[in-house]
Amino acid sequence: MSDFIVLPAYNEGSRIQPILKQIKKITKNIIVVDDGSKDNTVGLVKQLGITVLEHGMNLGKGAALRTGCEYAVQQGAKNIVVMDSDGQHDPKNIPQFLEALKDVEIVYSHRQGAGRQPGVLRFGNNFINNTLKFLFGTKINDSQCGFRAFTAEAYQKIKWEATDYYMETEMIIRASRTGLKYKQIPIDLIYADKYKGTTVLDGVKIVLKIVGGRF
(Lines give C-alpha, C1' and ligand atoms only; values in the text may rest on other atoms or scores of the structure.)
Protein backbone atom coordinates (compact mmCIF):
# COMPACT_ATOMS: atom_id res chain seq x y z
CA MET A 1 0.00 0.00 0.00
CA SER A 2 1.41 3.38 -1.01
CA ASP A 3 1.30 6.20 1.51
CA PHE A 4 1.94 9.73 0.21
CA ILE A 5 2.64 12.94 2.14
CA VAL A 6 1.49 16.20 0.52
CA LEU A 7 2.70 19.60 1.68
CA PRO A 8 1.74 23.01 0.27
CA ALA A 9 4.53 25.58 0.50
CA TYR A 10 4.71 29.34 0.08
CA ASN A 11 7.98 31.11 0.90
CA GLU A 12 9.10 28.41 3.35
CA GLY A 13 12.77 28.37 2.39
CA SER A 14 13.92 29.06 5.93
CA ARG A 15 12.06 26.09 7.40
CA ILE A 16 11.15 23.43 4.87
CA GLN A 17 14.31 21.31 4.62
CA PRO A 18 14.42 20.07 8.26
CA ILE A 19 10.77 18.99 8.00
CA LEU A 20 11.31 17.15 4.73
CA LYS A 21 14.40 15.39 6.08
CA GLN A 22 12.30 14.06 8.96
CA ILE A 23 9.56 12.89 6.62
CA LYS A 24 12.06 11.08 4.39
CA LYS A 25 12.88 8.82 7.35
CA ILE A 26 9.24 7.67 7.27
CA THR A 27 8.47 7.52 3.54
CA LYS A 28 10.03 8.54 0.24
CA ASN A 29 6.63 9.34 -1.27
CA ILE A 30 6.63 13.09 -0.63
CA ILE A 31 5.01 15.75 -2.78
CA VAL A 32 5.61 19.45 -2.20
CA VAL A 33 3.42 21.93 -4.06
CA ASP A 34 5.11 25.30 -4.32
CA ASP A 35 2.37 27.90 -4.48
CA GLY A 36 4.19 30.68 -6.29
CA SER A 37 7.00 31.24 -3.77
CA LYS A 38 9.29 34.23 -4.25
CA ASP A 39 12.16 32.75 -2.24
CA ASN A 40 14.35 29.66 -2.66
CA THR A 41 11.75 27.09 -1.55
CA VAL A 42 11.74 25.20 -4.85
CA GLY A 43 15.52 24.90 -5.04
CA LEU A 44 15.79 23.63 -1.47
CA VAL A 45 13.16 20.95 -2.07
CA LYS A 46 14.89 19.81 -5.24
CA GLN A 47 18.20 19.55 -3.36
CA LEU A 48 16.64 16.74 -1.34
CA GLY A 49 15.47 14.89 -4.44
CA ILE A 50 11.81 15.38 -3.52
CA THR A 51 9.03 15.88 -6.07
CA VAL A 52 7.97 19.51 -6.26
CA LEU A 53 5.01 20.73 -8.31
CA GLU A 54 5.09 24.44 -9.10
CA HIS A 55 2.24 26.92 -9.36
CA GLY A 56 3.26 29.90 -11.46
CA MET A 57 1.45 32.21 -9.05
CA ASN A 58 0.02 32.08 -5.55
CA LEU A 59 -3.36 30.33 -5.85
CA GLY A 60 -4.01 29.53 -2.19
CA LYS A 61 -3.62 26.60 0.18
CA GLY A 62 -6.73 24.79 -1.06
CA ALA A 63 -5.53 24.92 -4.65
CA ALA A 64 -2.04 23.74 -3.70
CA LEU A 65 -3.32 20.77 -1.72
CA ARG A 66 -5.71 19.76 -4.49
CA THR A 67 -2.85 19.81 -7.01
CA GLY A 68 -0.76 17.62 -4.72
CA CYS A 69 -3.54 15.16 -3.92
CA GLU A 70 -4.49 14.76 -7.58
CA TYR A 71 -0.88 13.97 -8.41
CA ALA A 72 -0.62 11.52 -5.51
CA VAL A 73 -3.67 9.63 -6.73
CA GLN A 74 -2.21 9.51 -10.25
CA GLN A 75 0.96 7.99 -8.78
CA GLY A 76 -1.02 5.20 -7.15
CA ALA A 77 -1.49 6.56 -3.63
CA LYS A 78 -3.75 4.51 -1.37
CA ASN A 79 -3.44 6.82 1.64
CA ILE A 80 -2.67 10.55 1.68
CA VAL A 81 -1.43 12.63 4.61
CA VAL A 82 -1.63 16.41 4.23
CA MET A 83 0.38 18.71 6.48
CA ASP A 84 1.90 22.19 6.62
CA SER A 85 5.49 22.84 5.60
CA ASP A 86 6.24 25.63 8.10
CA GLY A 87 7.09 23.53 11.14
CA GLN A 88 3.69 23.73 12.84
CA HIS A 89 3.04 20.03 12.20
CA ASP A 90 5.48 17.45 13.56
CA PRO A 91 6.34 14.62 11.12
CA LYS A 92 6.63 12.20 14.06
CA ASN A 93 2.80 12.06 14.08
CA ILE A 94 2.57 10.67 10.54
CA PRO A 95 2.64 6.98 11.60
CA GLN A 96 -0.27 7.66 13.99
CA PHE A 97 -2.38 8.96 11.11
CA LEU A 98 -1.58 5.96 8.95
CA GLU A 99 -2.33 3.54 11.77
CA ALA A 100 -5.69 5.24 12.42
CA LEU A 101 -6.58 4.99 8.71
CA LYS A 102 -6.73 1.21 9.05
CA ASP A 103 -10.10 1.58 10.77
CA VAL A 104 -11.60 4.72 9.19
CA GLU A 105 -11.63 6.69 5.95
CA ILE A 106 -10.47 10.09 7.21
CA VAL A 107 -8.42 11.15 10.23
CA TYR A 108 -8.51 14.65 11.72
CA SER A 109 -6.20 16.00 14.40
CA HIS A 110 -6.66 18.33 17.32
CA ARG A 111 -3.90 20.42 18.82
CA GLN A 112 -3.06 19.85 22.47
CA GLY A 113 -2.08 22.75 24.70
CA ALA A 114 -4.73 25.11 23.33
CA GLY A 115 -3.96 27.55 26.13
CA ARG A 116 -0.82 28.55 24.19
CA GLN A 117 -2.89 29.40 21.13
CA PRO A 118 -3.58 33.14 20.65
CA GLY A 119 -6.96 33.91 22.25
CA VAL A 120 -8.56 35.36 19.12
CA LEU A 121 -7.64 32.26 17.12
CA ARG A 122 -8.86 29.93 19.86
CA PHE A 123 -12.20 31.75 20.00
CA GLY A 124 -12.60 31.67 16.22
CA ASN A 125 -11.74 27.99 15.98
CA ASN A 126 -14.24 27.08 18.72
CA PHE A 127 -16.93 29.16 17.05
CA ILE A 128 -16.40 27.36 13.74
CA ASN A 129 -16.39 23.98 15.54
CA ASN A 130 -19.73 24.77 17.19
CA THR A 131 -21.23 26.06 13.93
CA LEU A 132 -20.34 22.80 12.18
CA LYS A 133 -21.83 20.79 15.03
CA PHE A 134 -25.06 22.82 15.05
CA LEU A 135 -25.62 22.83 11.28
CA PHE A 136 -24.21 19.45 10.27
CA GLY A 137 -24.13 17.41 13.47
CA THR A 138 -20.40 16.82 13.07
CA LYS A 139 -18.38 17.05 16.27
CA ILE A 140 -14.84 18.10 15.38
CA ASN A 141 -12.49 19.24 18.12
CA ASP A 142 -10.21 21.35 15.92
CA SER A 143 -11.77 22.10 12.55
CA GLN A 144 -8.98 24.44 11.44
CA CYS A 145 -6.06 22.10 12.01
CA GLY A 146 -4.82 21.06 8.58
CA PHE A 147 -2.81 17.99 9.63
CA ARG A 148 -5.05 15.20 8.26
CA ALA A 149 -5.09 11.89 6.44
CA PHE A 150 -7.54 10.10 4.18
CA THR A 151 -7.75 7.21 1.79
CA ALA A 152 -7.61 7.79 -1.96
CA GLU A 153 -11.23 6.63 -2.16
CA ALA A 154 -12.26 9.13 0.50
CA TYR A 155 -10.45 11.91 -1.38
CA GLN A 156 -12.80 11.45 -4.32
CA LYS A 157 -15.72 12.15 -1.95
CA ILE A 158 -14.23 15.11 -0.09
CA LYS A 159 -12.56 16.78 -3.07
CA TRP A 160 -12.90 20.47 -2.29
CA GLU A 161 -13.49 23.45 -4.56
CA ALA A 162 -12.15 26.14 -2.22
CA THR A 163 -8.73 27.51 -3.09
CA ASP A 164 -8.19 29.20 0.28
CA TYR A 165 -8.29 28.15 3.95
CA TYR A 166 -11.97 27.27 3.67
CA MET A 167 -10.90 23.97 2.12
CA GLU A 168 -10.33 22.51 5.60
CA THR A 169 -13.92 23.25 6.57
CA GLU A 170 -15.30 22.19 3.18
CA MET A 171 -13.52 18.86 3.59
CA ILE A 172 -15.32 18.27 6.90
CA ILE A 173 -18.71 19.17 5.43
CA ARG A 174 -18.24 16.89 2.42
CA ALA A 175 -17.06 14.04 4.65
CA SER A 176 -20.13 14.51 6.85
CA ARG A 177 -22.54 14.57 3.92
CA THR A 178 -21.09 11.39 2.43
CA GLY A 179 -21.04 9.57 5.76
CA LEU A 180 -17.32 8.89 5.91
CA LYS A 181 -16.07 7.16 9.06
CA TYR A 182 -13.59 9.37 10.87
CA LYS A 183 -11.30 9.47 13.86
CA GLN A 184 -9.56 12.30 15.69
CA ILE A 185 -6.05 12.08 17.14
CA PRO A 186 -4.16 14.55 19.35
CA ILE A 187 -1.02 16.35 18.18
CA ASP A 188 1.25 18.86 19.90
CA LEU A 189 0.51 22.55 19.44
CA ILE A 190 3.43 24.26 17.67
CA TYR A 191 3.42 27.90 16.65
CA ALA A 192 6.27 29.23 14.53
CA ASP A 193 4.40 32.44 13.68
CA LYS A 194 1.85 33.85 16.10
CA TYR A 195 -0.69 34.80 13.46
CA LYS A 196 0.30 32.65 10.52
CA GLY A 197 -2.66 30.95 8.87
CA THR A 198 -6.34 31.72 9.30
CA THR A 199 -7.02 35.35 10.22
CA VAL A 200 -10.09 36.82 11.93
CA LEU A 201 -11.41 37.88 8.52
CA ASP A 202 -10.82 34.36 7.20
CA GLY A 203 -12.81 33.03 10.14
CA VAL A 204 -15.76 35.29 9.41
CA LYS A 205 -15.73 34.25 5.77
CA ILE A 206 -15.59 30.58 6.77
CA VAL A 207 -18.64 30.86 9.03
CA LEU A 208 -20.60 32.70 6.33
CA LYS A 209 -19.72 29.98 3.82
CA ILE A 210 -20.74 27.26 6.27
CA VAL A 211 -24.14 28.88 6.77
CA GLY A 212 -24.53 29.46 3.03
CA GLY A 213 -23.61 25.85 2.30
CA ARG A 214 -26.20 24.57 4.76
CA PHE A 215 -29.09 26.70 3.55
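The values are calculated or read from the model by the stated rules, or taken from the named source; none is laboratory data. Predicted model, so just to flag it, every value in this text is computed and none were measured. So basically every Cβ, Gly included, is an ideal-geometry build from the backbone, and we count neighbours across all protein chains shown.
For first residues located in the stretch 45-69 and at pLDDT 95 or above and of a type outside the set (Val, Ile, Thr), partners that are buried (at least 17 other Cβ atoms within 10 Å of the Cβ) and part of a helix (DSSP H, G or I) and lie 6+ apart or on another chain with Cβ distances below 6 Å form the pairs Leu48/Leu20; Leu53/Thr67; Gly62/Met167; Cys69/Tyr155. For the stretch 88-112, filtering for residues that are assigned to a strand (DSSP E or B) and not small (Gly, Ala, Ser) leaves 6. May I ask you to say which residue of Ile26, Ile19 is in a helix (DSSP H, G or I) and touching a helix residue (DSSP H, G or I) at 6+ places or on another chain (Cβ under 8 Å)? Result: Ile19 is the single residue among Ile26, Ile19 that is in a helix (DSSP H, G or I) and touching a helix residue (DSSP H, G or I) at 6+ places or on another chain (Cβ under 8 Å). For Ser85, the conditions (1) assigned to a helix (DSSP H, G or I); (2) within 17 Å of the chain's Cα centre (by Cα); (3) within 22 Å of Ile190 (Cβ to Cβ); (4) polar (S, T, N, Q) all hold with the exception of (1).
Within the option set Tyr195, Tyr166, being touching a Lys or Arg at 6+ places or on another chain (Cβ under 8 Å) and modelled with pLDDT under 95 holds for one residue only, Tyr166. Check the stretch 47-57 and report whether any residue there is out of contact with any strand residue (DSSP E or B) (no Cβ under 6 Å at 6 or more places or on another chain), within 24 Å of Pro186 (Cα to Cα), surrounded by fewer than 16 Cβ atoms within 10 Å (Cβ to Cβ) and of a type in the set (A, V, I, L, M). Checked the stretch 47-57: no residue is out of contact with any strand residue (DSSP E or B) (no Cβ under 6 Å at 6 or more places or on another chain), within 24 Å of Pro186 (Cα to Cα), surrounded by fewer than 16 Cβ atoms within 10 Å (Cβ to Cβ) and of a type in the set (A, V, I, L, M). The set of residues from the stretch 125-150 being touching a Phe, Trp or Tyr at 6+ places or on another chain (Cβ under 7 Å) and basic (Lys, Arg) comprises just one member, Arg148.
Scanning the stretch 61-76 turns up one or more residues that are closer than 24 Å to Ser109 by Cα, surrounded by fewer than 24 Cβ atoms within 10 Å (Cβ to Cβ) and either among the hydroxyl-bearing types (Ser, Thr, Tyr) or over 18 Å from the mean Cα position of the chain (by Cα) (or both). Could you list, in sequence order, the residues of the stretch 74-128 that are of a type in the set (A, V, I, L, M), over 22 Å from Val45 (Cβ atoms) and at pLDDT 95 or above? Listed by number, the residues that qualify are Leu98, Ala100, Leu101, Val104, Ile106, Val107.
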